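Presented below is the structure to which this report refers.
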Amino acid sequence: MPIYEYICVDCGLAFDHFWPSIQVAEGAAPPPCPACGGNQTQRIISRVAVLGSLGGLTPSEQAAADAQAERLAKITPKEQIEKLRAGKKRQEGQR
């Protein structure tokens with residue numbers, strides 16, 4: 001059962017959505033926002049952490065994760081959506 005993260009363009013809420021299968025998730029329209037009910041939601045890439053062989057992050061990995069979290073905390077959901085749209089336009093222009 002895959003879990004995808006979405007962001008609402010209307011209100012900026014980031015939320016998770018559970019799908020019964022990858023095929024269903026890829027074939028369906030994005031889910032509506034649970035907060036405002038808006039249909040303008042976009043799937044976003046979630047952060048992941050890879051744990052070391054000892055079951056935790058190394059000090060340098062933890063420092064990098066903390067720095068990334070600090071940078072991401074300064075970006076508003078609207079800015080994140082605008083960056084995703086700009087990247088998509090660049091990709092479409094390269095085709």
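Quick notes on this one:
- Note on T76/N39: beta-carbon distance plugged into 1/(1 + (r/R0)^6) with R0 of 35 Å gives a FRET efficiency of 0.95.
- Cut-off 20 Å (backbone N to label point 7 Å along Cα→Cβ of L84), residues of region 1-15: 2-15
- When only Cα pairs below 8 angstrom with a gap of at least 6 residues are kept, region 3-94 shows a relative contact order of 26 percent.
- Acute angle (nearest 10 degrees) that the helix 77-94 long axis makes with the longest principal axis of the chain, alpha-carbon atoms: 80
- Length gained when the stretch E5-A65 is fully extended (0.36 nm per residue, less Cα-Cα span): 19.7 nm
- Secondary-structure-derived ellipticity at 222 nm for the chain, considering helices only, amounts to -13000 deg cm²/dmol, per-run term -39500 (n - 2.57) for DSSP H runs with n ≥ 4.
Values in this text are rule-based calculations from the coordinates and carry no lab data. The shown structure was predicted, so the numbers you read here are calculated from the model rather than taken from an experiment. Every residue, glycine as well, gets a Cβ built from its backbone with ideal geometry; the counts of neighbours run over all protein chains shown.
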